[in-house]
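Bear in mind these aren't lab numbers, they're just calculated from the coordinates by the rules spelled out. The model shown is predicted, which means the values in this text are computed figures rather than measured ones. No Cβ is skipped: glycine too gets one built from the backbone with ideal geometry, and neighbour counts run over all protein chains shown.
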Amino acid sequence: MAEPLRIGLLGFGNIGTGLIESLEANRALLEARCGRPLAVRRIADIDIETPRPVEVDRSILTTDARSVVRDPQIDVIVELIGGIEPARGFVELALREGKHVVTANKALLAAHGPELLALARDRHVRLFFEAAVGGGIPVIRTLEDCLNGNRIERIEAILNGTCNYILTQMLEEDMSFEAALADAQRLGYAEPDPTADIESIDAANKIAVLASLAFGFDVRYEDVWRVGITQLTLQDLRSAITEGYVVKQRAVAELDAEGRLWVCVRPALLWRFHPLASVSGVLNGLMIRATPLGALFLSGPGAGRAATSSAVLSDLLAIARLRPGAPLEPPFLDVPVGRKPLLSPGPEADGYWLRILTDGNTEAVADIADALVSNRVAIERITESLWEQDHSGATHVVEVFTAQAAEEDIRRAAHILDDADWSPPESTPLVLPRVD
Ligand code: HSE
């Protein structure tokens with residue numbers, strides 16, 4: 001057999017141990033596929049004492065990640081530390097040292113991706129990151145290879161397994177937001193700090209990476225318009241269902257006819273026959289609209305050890321198959337620095353759904369209708385009802401379905417309504433786009 005691919009692993013937590021487990025479970029098959037032994041030579045973690053669910057030779061464990069990155073006996077660094085620092089420093093050093101890098105780190109890529117890709121090109125090595133977006137869904141290589149005969153027009157996606165799991169569990173199990181989040185953490189889907197999931201930071205990182213690759217814009221995390229899912233209640237989700245919609249955390253990157261790119265992540269109402277409406281639990285899903293292809297729908301496990309291992313192993317096999325000395329093909333999808341998207345709430349929606357709490361004042365419906373109409377927002381339907389809340393008794397709620405409108409007009413109206421006498425303190429109108 002050929003020379004082994006010598007692997008250095010940074011990060012031996014949940015995902016790192018999952019990777020070693022999956023590699024050992026299928027070693028013979030994977031090595032036959034790439035024609036080389038896959039040798040994990042060293043593993044670095046800040047904690048090498050806590051027992052892990054996989055057996056590894058203790059002599060390959062170290063707390064000194066830098067020594068692994070600098071080790072001349074290593075060909076490829078697998079970075080599973082997560083977060084920006086110190087991961088960025090290690091990845092940069094590895095590339096400078098002429099090592100290939102495989103990473104699952106979307107935050108790092110959404111902050112420094114273009115520079116790291118340029119460095120990899122410069123040093124004639126590869127930086128692979130299939131696991132960074134969509135978990136086990138092969139979307140990066142689909143964009144780079146399989147769709148490279150297309151012009152991509154829109155990516156619409158569910159990219160955070162934790163949020164999708166929370167929203168699904170709340171509805172299916174009649175659960176509070178907090179209980180569903182605790183479940184997601186127990187199952188290992190959530191980021192160490194779940195703020196990144198529920199405030200849509202994680203999904204913003206992921207759509208930034210996809211948008212950069214697919215559209216050739218320089219899209220970083222801070223260029224993504226982002227709204228979290230923490231305002232949503234079980235009643236909101238139920239009400240949407242009775243109207244034929246499912247609430248999802250939806251990420252969108254869309255190139256309009258004028259060549260402007262819109263990138264956002266926010267909760268939205270999806271019509272129940274929309275393909276992404278059926279993506280439930282920890283699954284992720286993507287609809288890619290491209291010419292000449294048309295629409296492509298991908299769905300699969302978006303978080304957790306198995307999904308990440310699947311993607312990282314495929315990157316490792318791709319590196320193992322590179323012929324030594326052969327020129328590295330330049331990445332088809334280049335990421336120019338400085339070509340920026342619009343920072344805006346996203347492309348035009350089919351309409352909006354507003355949920356506004358009131359104190360039961362009989363003038364509220366008329367005030368809401370006035371505020372919307374005087375801001376040029378046409379109303380399709382307006383209803384008032386009583387929602388039972390878990391602990392606080394019944395709440396008066398007005399729901400509005402609007403026609404297509406400019407979001408800034410809706411927000412202006414919502415702002416006026418927020419100050420109304422009948423608006424309970426600490427309740428802000430909820431404004432969600434509708435996708436029919
Ligand atoms: N916390 C992330 C998610 C992990 O739930 O999707 C995978 O990136």
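Descriptive notes on the structure:
- Å³ per residue enclosed by the Cα convex hull of region 199-240: 80
- Computed over region 334-377, the quotient of the alpha carbon radius of gyration and 2.2 N^0.38 Å is 1.98.
- Oblate is the label for region 1-69, because a/c, from the alpha-carbon gyration tensor with a ≥ b ≥ c as root eigenvalues, is 1.5 or above and a/b does not exceed b/c.
- Largest GNM mean-square fluctuation across ASP202, ASP370, ASP45, computed for the chain with C-alpha springs under 10 Å, falls on ASP370.
- Difference of contour (0.36 nm per residue) and Cα-Cα distance, ARG238 to GLU173: 22.2 nm
- Of the beta bridges in the chain, as assigned by DSSP with both residues counted there, near 70 percent are antiparallel.
- Prolate/oblate/rounded label for region 77-177 (Cα gyration tensor, a/c 1.5): oblate
- Label point distance in nm, SER344-ASP421, each placed 7 Å from Cα along Cα→Cβ: 3.9
- Across region 425-436, computed HN-Hα scalar couplings (Karplus, 6.51 cos²θ - 1.76 cosθ + 1.60, θ = phi - 60°) run x, 6, 10, 10, x, 8, 10, 10, x, 10, 10, 8 Hz from first to last residue, x flagging Gly and Pro.
- Neighbour count of at most 12 Cβ within 10 Å plus DSSP loop: longest chymotrypsin sites (Phe, Trp or Tyr not before Pro)-free window in the chain: 1-272
- Rounded to the nearest 0.05, the FRET efficiency derived from the C-beta distance between ASP122 and LEU187 at R0 = 45 Å is 0.65.
- Its Kirkwood hydrodynamic radius, worked out from the mean inverse distance over all distinct Cα pairs, puts region 30-91 at 13.2 Å.
- Under 19 Å between alpha carbons - lysine pairs in the chain that sit 8 or more apart or on different chains: 4
- In nm, spacing of pseudo-spin labels at ARG151 and ALA306 (7 Å Cα→C-beta vector): 4.1
- Here region 350-436 is treated as a sphere whose radius is the Kirkwood value from Cα pairs; by Stokes-Einstein at 37 °C and 0.692 mPa s it diffuses with a coefficient of 253 µm²/s.
- Kyte-Doolittle mean at least 0.5 and Cα axial length at least 20 Å: DSSP H helices in the chain: 201-215, 305-320
- log10 of Debye I(q)/I(0), alpha-carbon scatterers only, for region 19-58 at 0.14, 0.18, 0.22, 0.23 Å⁻¹: -0.38, -0.59, -0.79, -0.84
- Net charge of neighbours whose Cβ lies under 13 Å from the Cβ of VAL54, counting Lys and Arg as +1 and Asp and Glu as -1: -1
- Gain on full extension, evaluated as 0.36 nm per residue between ARG260 and GLU407 minus their Cα-Cα distance, stands at 51.2 nm.
- Farthest towards the positive end of the charge dipole of the chain, among the residues PRO425, GLY325, ALA131, is the Cα of GLY325, using unit charges on the Cβ of Lys, Arg, Asp and Glu.
- Amide H to amide H distances under 5 Å link ALA303 with GLY136, where only residues 5 or more positions off or on other chains count and H is placed in the peptide plane.
- Relative contact order, percent, the chain [alpha-carbon distance under 8 Å, six or more residues apart]: 16
- For the chain, built as a Gaussian network whose Cα springs stay under 10 Å, the top-fluctuating residue of CYS264, CYS163, CYS146: CYS146
- Applying the Kirkwood pairwise sum to the alpha-carbon positions of region 21-151 produces a hydrodynamic radius of 16.2 angstrom.
- Taking label points 7 Å from Cα along the Cα-to-Cβ direction, GLU144 and ALA378 give a separation of 4.6 nm.
- Along each principal axis, Cα extent of the chain, largest first, Å: 79, 49, 33
- Across ALA240, ALA420, ALA306, mean-square fluctuation computed from a Gaussian network of the chain (C-alpha pairs under 10 Å connected) peaks at ALA420.
- Loop-located GluC sites (Glu not before Pro) in region 403-433, at most 11 other Cβ atoms within 10 Å (DSSP): GLU426
- Those GluC sites (Glu not before Pro) in region 32-124 that DSSP places in a loop and that have at most 11 other beta carbons within 10 Å: GLU49, GLU55
- Computed FRET value (nearest 0.05) for PHE297 with ARG323, which takes r as the C-beta separation and R₀ as 35 Å: 0.50
- Note on region 207-315: semi-axes of the ellipsoid equivalent to its C-alpha gyration tensor, largest first and rounded to whole Å, are 24, 20, 16.
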